[in-house]
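The values are calculated or read from the model by the stated rules, or taken from the named source; none is laboratory data. Please read all numbers here as calculations on a predicted model, not as lab measurements. Because the Cβ atoms are built from the backbone with ideal geometry, glycine has one as well, and the counts that use them run over all protein chains shown.
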Amino acid sequence: MTVPEKTSTNRDLALYCRLFRWARPYWGHLAGLFLIGLLATPLALLVPLPLKIALDSGLGGKPLPHLLRPFVPSGFRLSPSSALFVAVGLLIAVTILTQIQTLALNLLKTYTGEKLLLEFRSDIFRQMQRLSLSYHETKGTAESLYNLQYDAAAIQTMLAERLIPLVGAAFTLLGMLIVTLKLDWQLALVALFISPILFLISKVYRRRLRRGSREVKKLERSAMGVVQEVLGALRVVKAFGREEDERHRFLRRSVEGMRMRLQLALSEGKFNFLVGFISAVGTAAVLLVGFRQVQSGVITLGDLMLMMGYVTQLYEPLKTMGKNSAALQSYLASIERAFALLDELPEVEEKANPRSLARARGSIAFQNVSFSYGENRPVLHQISFQVDPGMRVGIAGPTGAGKTTVMSLMLRFYDTTEGRILLDGVDVSEYRLADLRNQFAFVPQEPVLFSSSVAENIAYARPWASLEEIHAAAKAANAHEFISGLPEGYQTVVGERGMRLSGGERQRISIARAFLKDAPILILDEPTSALDVKTEAAILEALDRLMRDRTSFIIAHRASTLHGCRVLLQLDHGSLACDASRPLRLSDGRFAQRITQHC
């Protein structure tokens, strides 16, 4: 669908306004960039002067231009050699000043751009973590990574390298226009007749380039998604021998992006060609008219050369404005995407005046809780149960029954569709999110470790913990012995996702992390599902210590993992199973009471 021009213009204006509002803390830096950039205008005005002095004063015997006379000593005698000396000196001085201005501009531009980029990426990263899990599950990780790595980078180029020079070019254009009108208004008007044509061409190509930029970014993100999927499942890819198939899938997505980039480059090339061609036509027209004026004696040859120099300088900001306007479309498309992420509202939001919670007793109640992932994916239906502090609760059921969703709702990764969840008699939505989640220690089925040291992974929930506390947690998790045998002990870096360690070792570090957190409520999600019998026994011993005096929820298929549970939530297709409440016999010979619903 074609966007009406007025709507598109209003949208661009709103985007620029928002961009400058966001950059308000850096207005001083941007103003410095602008002012240093403005120095290019008087320096550019001086560039053609040495040639005029050499031609008119050095060869033609005419006096120096009015601009320089106030700076010449009263006893100065003008001669061909002295005029040449003035021309050469002025040329060198202008060149030095121009280089100093360029250096200062580049340094400040780099510093400001890096500061802007760092702050923008920080805002995006914070927002990515604020957003609910459902957003990332729907969009995919590659979308957020592309926003962070590529879309965010547009703010650096756009503000520091495109917009400010664009404004500076406009002032340079104004300065050149005033000077050329004073020198020869007829030649100035001849030079300016191309301006409306350049404006119209820029207006037409701007919309086309913006649409192309959006499509390119969509295809680039798609190719990045393939890479992320393959690297995240590299063992599976290798096990099934699908490396070449995945390479071809990546190539297909990349080729689509390449074709779109080529089309975009072709459009931008056509635009730049038209800008250059029309500027050349304007320059040729000025040269033709000016040559006639020299022949008729209206102006001197030096005046014509000066005018040609200014016309060239006049067209440079025009071309800069046109090209920057075209190039901005790609960056505007990126900024749109980045701001769209910042505008996303998390589905799980904290109340305006949430309740603080230091340490919960551990009483949990589900009251007619239902939940669905969207309209057509119901997961839980009318779940109700009560768990007293310190109770061990097993959660069983077939795959897809909603076991993990029950845990996610407790932690408020999602909010219930219907019903409510109470912690110590208070709806969990009333608490500060940080306080609520601080009441839970979580040991997932697939232990999550970060690419840092063993000690830092154990202390993830309590970074301020002492080394003695970390050692005590590791000993409680039966992990101290194997950690001490590592090359650098507790300072050993575990690698990405902890892949330098075995599955059992990763799980024991995960349990040690839960010990150190010392939360009143514990969630164990299939903690021994992928372990051998010997490793499972060591971990079960550690888990038994961890669960003492804590409200504990254990998701498990193995009866051995449910050791010590006195209550069992039996889920079936998102509901509590219909059962006569007969007890479940555990591996220790005792029984757990089933919580079911009346059918």
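Would you confirm whether any residue within the stretch 17-28 is at pLDDT below 70 and surrounded by 13 or more Cβ atoms within 10 Å (Cβ to Cβ)? First the steps, then the outcome.
Of the stretch 17-28, the ones at pLDDT below 70 are none.
Within the stretch 17-28, not a single residue is at pLDDT below 70 and surrounded by 13 or more Cβ atoms within 10 Å (Cβ to Cβ).
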VAL86 meets each of (1) modelled with pLDDT of 85 or more; (2) more than 44 Å from the chain's Cα centre (by Cα); (3) crowded, with 16+ Cβ neighbours inside 10 Å with one exception, condition (1)
The lone condition LEU264 fails out of (1) surrounded by fewer than 18 Cβ atoms within 10 Å (Cβ to Cβ); (2) under 25 Å from ARG337 (Cβ atoms); (3) not charged (D, E, K, R) is (1)
Among GLU229, GLU268, GLU215, GLU243, the single one that is charged (D, E, K, R) and in contact with a Phe, Trp or Tyr (Cβ under 9 Å, 6 or more places away or on another chain) is GLU268
All-but-one check, LEU436 against (1) in a strand (DSSP E or B); (2) out of contact with any strand residue (DSSP E or B) (no Cβ under 6 Å at 6 or more places or on another chain); (3) not hydroxyl-bearing (Ser, Thr, Tyr), failing number (1)
Counting only residues in the stretch 348-363 that are out of contact with any strand residue (DSSP E or B) (no Cβ under 9 Å at 6 or more places or on another chain) and farther than 19 Å from THR416 by Cβ, the one surrounded by the fewest Cβ atoms within 10 Å (Cβ to Cβ) is identified as ALA352
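May I ask you to say which residue of GLN382, GLN367 is farther than 21 Å from PRO520 by Cβ, surrounded by fewer than 19 Cβ atoms within 10 Å (Cβ to Cβ), modelled with pLDDT of 85 or more and not basic (Lys, Arg)?
Numbers: GLN367 fails: farther than 21 Å from PRO520 by Cβ.
Being farther than 21 Å from PRO520 by Cβ, surrounded by fewer than 19 Cβ atoms within 10 Å (Cβ to Cβ), modelled with pLDDT of 85 or more and not basic (Lys, Arg) holds for just one of GLN382, GLN367, which is GLN382.
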Of the listed residues (ARG497, ARG513), the one being at pLDDT below 85, assigned to a helix (DSSP H, G or I) and not small (Gly, Ala, Ser) is ARG497
So, first residue in the same structural domain as VAL448 (by TED's automatic domain parsing) in the stretch 229-240, second residue outside any helix (DSSP H, G or I) and modelled with pLDDT of 70 or more, Cβ within less than 7 Å, six or more apart or across chains; the pairs are none
Just one listed residue, out of VAL230, VAL216, is part of a helix (DSSP H, G or I), among the hydrophobic types (A, V, I, L, M, F, W, C) and over 30 Å from ASP12 (Cβ atoms), and it is VAL230
Scanning the stretch 115-141 for residues that are under 14 Å from the mean Cα position of the chain (by Cα) and of a type in the set (Asp, Glu), the one farthest from GLU349 (Cα to Cα) turns out to be GLU119
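Test GLU246 against the criterion of being farther than 21 Å from ALA333 by Cα, assigned to a helix (DSSP H, G or I) and under 31 Å from the mean Cα position of the chain (by Cα), and give yes or no. Let's see the steps before the verdict.
Working: farther than 21 Å from ALA333 by Cα: yes; assigned to a helix (DSSP H, G or I): yes; under 31 Å from the mean Cα position of the chain (by Cα): yes.
Yes.
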